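Bear in mind that the values in this text are calculations on the coordinates, not laboratory data. Please read all numbers here as calculations on a predicted model, not as lab measurements. Cβ placement follows ideal geometry from the backbone for every residue including glycine, while neighbour counts extend to all protein chains displayed.
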Amino acid sequence: MKKWGILLCLCMLVVAGCDTTSRLDNGEVLYTGVKKMHIEPAERGVKLSSDAESAVRDALSVKPNNALYSPYVRWPFPFGLWVYTHVTPKKDKGFKHWFYERFAKTPVLISTVQPDLRVAVVPDILANYGYFSSSASYTLDYNRKNSRKARITYDVTYGRPWHYGSLSYPEPVTPLTALIDSTRASSLIRVGDVYRADVLASERSRIASELRNHGYYFFRPEYLSYLADTTASPYEVALRLQLLGNLPPETLQPYRVGHVTFDLKSASGQGAVDTVELSNVTFIYQAPLKIRKRFVERNITLRTGDLYTLDRQTESLNSLVRMGVFRYVNVAVSRPDTLSDVLDITLDAAMDTPMEAWFEANVTSSTNSFIGPGVIFGLAHNNVFGGGERLSLELTGSYEWQTGKRQATATRSSLLNSYEFGLKASLAFPRLLPSALFWNSRVERRYGGKTTVQLSAELMNRPQYFRMMSLNTSFAFDFQSSATSSHTLQLPKIGYNYLMNSTASFDSTLQENPAIALSFRNQLIPTLGYIYRYNCQFGPHDANHIYWQTSASTAGNLLSWVVSGTPGQKKFLGIPFSQFAKATTDFRYYRRLWGDVELATRFLVGAGWAYGNSSVLPYSEQFYIGGANSIRAFTIRTVGPGSYAPPQDQVDAYLDQTGNFKLESNVELRFPILGDLHGAVFLDAGNIWLLKAEANRPGGTLNKKTFWRDIALGTGVGLRYDISFLILRLDMGIGLHAPYNNDKPHYYNMDSFGKSLAFHLAIGYPF
């Protein structure tokens, strides 16, 4: 065995020492990355904006072969280059050819990087951000052992930034110039701001869009130009916006909407052609017609005789696409003759096949850290009533086991196996109902809306504990109010939980904990809910991202008003109903640090309060913490509430570890490793608490005196493998602080390093 080990080491040394430049052409030099990148001001005190610095670094950063931390650090052994150099197949088939095609990497050369060209464009890049009088140069640092390898050092010097001194518009002597002048209040250029070429381009596009929304269809941004005067004041640019001379005559007049035509082809492209004149649209279609004509006409907001606007054209196109029944929708604008001031609009579309079926067999991962094989079979009709309504049926089945390692003794099992079966039927309308109340809303015309009615049944079986049936029905509105804000309104959502049977150990737990028993009782959960989502990307090339979701729900209030009886004992149709209020907010911030390195953060807080007809939240509405998508140093439901720790010999202790207040924070650094393999380093913190004291769970109540000691803290590392359609994730969490009291006097109070580890296999990012 020792001989084989020595032989293996010798082979690795031989391979590592092999030259990777022997196949290079004469005069070529292998690029091995950037040694240093100096970006300094020409005078002290001048700072470079982050956008400008990122643009410069992006222009100079070229990945070398086998990049680890691009463009500065490479992996020790460039395997792809070695294959390219030493494994040359003589045939177009066989193992050697496959091996070469699969693993060989073409060398990145100094000549292909073209550093002379890159430093030449750096002054232009900086000038686009207002830093004129800049310069850039480079030097090659040749490898001492092999002169055919070299790294690049870049030196960039930038001057003081220039600002906008003044901005003037064309004299408002014509309707066109008067309209341009009227938009100056919305100008993107502000006197005193740093000069930026991209802002100038955006301002031209803004003005052109405004003109096109006032009938000037043929006007383009390139018909506007700027005159710049840099002599008036030092480091100030005086701008004058002007129209180009000799503009085409059609650009100088506004247009109205002429004839509107909707040309619809069948899914097969065959069928007799028929024409119907509607009130606003000429409808041409191939029989048989599979969609109601009035829904098509309603989604076309361009009206004959109205002033043409680009926004109305975009609204019409997007509304038709959102119906989900067309394979494609195209729009064409034409001028019937050179003397008219009208534009004919033709919308060309083709029906899509309405039926859709799918079957999936996969590995599922849920937010409660359960993972296992799952099967999904679905069937949908995307145009069931001829108005883009989608009727879908979905059957699901899964077998799951919990991942991770519990922070407790071996008497508390970590293998919580279960299986689930579910049936869900939903009917989605591509509009807000009733349509008469919402269609005239400009917001709904621009962003659309969806109304969904859903029925579902789910059977969950935990062999060691219970079998439960859940029935749910919901009526929900989904709509956007802007490009970044979306809303979901549930009116109402009714759930019914029925505990079919339970084991003796589970019954014993319920008897010992009345609060848990009440949360598992058979009950109706009639909920009214609202969800707000804010989703915004910003920064250079939309590198940074903010996501914020806030939800609020209340249950049982309407029933409590109409049903008589003593609070806590009221029933509807002989069934107890729950009454509570619950709210959760989840804020996430993603920032691109450099290259493909990203910092992801999340802060979540939630609270629920039972009142009236309930003394505790239903178990399905309570908070829990830990697991693959939470505090990864702890398995699901092994933390909290507060400093409470269930008896170590209690097998079903996880039932106790829920609460009605939750606080969680996560920080994760994500970075590339090799190809599709990425890594992460993370820090997780949080806990759950009770808002009402319970004698059976001492230490579980939220208390400002013990709040900081109650925060569970964990760190860890992880691997992510991106296989395009999903991301496989393996995380190893390391516990740093457990909130429960033990004999450890210090903040680090884990029993041992080995017992503080938790491993999680999951799908997708944790947040």
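Structure data summary
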{"item": "Loop trypsin sites (Lys or Arg not before Pro), segment 267-327, which have at most 16 other Cβ atoms in a 10 Å radius of their Cβ (DSSP)", "result": "Lys290, Arg292, Arg303"}
{"item": "14 Å beta-carbon shell around Ile125, net charge (K/R +1, D/E -1)", "result": "-2"}
{"item": "Cleavage-rule hits, chymotrypsin sites (Phe, Trp or Tyr not before Pro), segment 522-615, DSSP coil, Cβ neighbours within 10 Å at most 16", "result": "Tyr611"}
{"item": "Per-residue ³J(HN,Hα) for segment 241-257, Karplus 6.51 cos²θ - 1.76 cosθ + 1.60, θ = phi - 60°, Hz, x for Gly and Pro", "result": "7, 9, 8, 5, x, 6, 5, x, x, 5, 7, 9, 10, x, 10, 10, 6"}
{"item": "Cα point-scatterer Debye curve for segment 256-351, base-10 log of I(q)/I(0) at q = 0.19, 0.22, 0.25 Å⁻¹", "result": "-0.87, -1.13, -1.38"}
{"item": "Counting DSSP beta bridges with both ends in the chain, the antiparallel % (nearest 5)", "result": "90"}
{"item": "Equivalent ellipsoid semi-axes - Cα gyration tensor, segment 640-767, angstrom", "result": "31, 16, 14"}
{"item": "Residue-averaged [θ]222 nm for the chain, counting only DSSP H segments that reach four residues, each worth -39500 (n - 2.57)", "result": "-5000 deg cm²/dmol"}
{"item": "Rounded D (µm²/s) - segment 169-246, Kirkwood Rh over Cα pairs, Stokes-Einstein at 4 °C, 1.567 mPa s", "result": "98"}
{"item": "Cα-centre dipole for the chain with unit charges at Cβ (Lys and Arg positive, Asp and Glu negative), debye to 20", "result": "1700"}
{"item": "Proportion of all alpha-carbon pairs of segment 125-204 beyond 17 Å (%)", "result": "64"}
{"item": "Set Lys47/Lys105; Lys450/Lys692; Lys582/Lys704; Lys35/Lys105; Lys35/Lys93 screened for pairs whose C-alpha atoms are more than 31 Å apart", "result": "Lys47/Lys105; Lys450/Lys692; Lys35/Lys93"}
{"item": "Length gained when the stretch Gln464-Asn330 is fully extended (0.36 nm per residue, less Cα-Cα span)", "result": "42.4 nm"}
{"item": "Two-decimal Rg/Rh across segment 355-763, once Rg and the Kirkwood Rh are taken from alpha-carbon atoms", "result": "0.97"}
{"item": "C-alpha center-to-center spacing [segment 335-352, segment 59-94] in angstrom", "result": "54"}
{"item": "Fully extended contour minus Cα-Cα distance, from Thr21 to Leu427, at 0.36 nm per residue", "result": "139.8 nm"}
{"item": "Relative contact order of segment 256-351, pairs being alpha-carbon contacts under 8 Å that are 6 or more residues apart, as %", "result": "36"}
{"item": "In segment 609-704, the trypsin sites (Lys or Arg not before Pro) that fall in loop regions by DSSP, at most 15 other Cβ within 10 Å", "result": "Lys692, Lys704"}
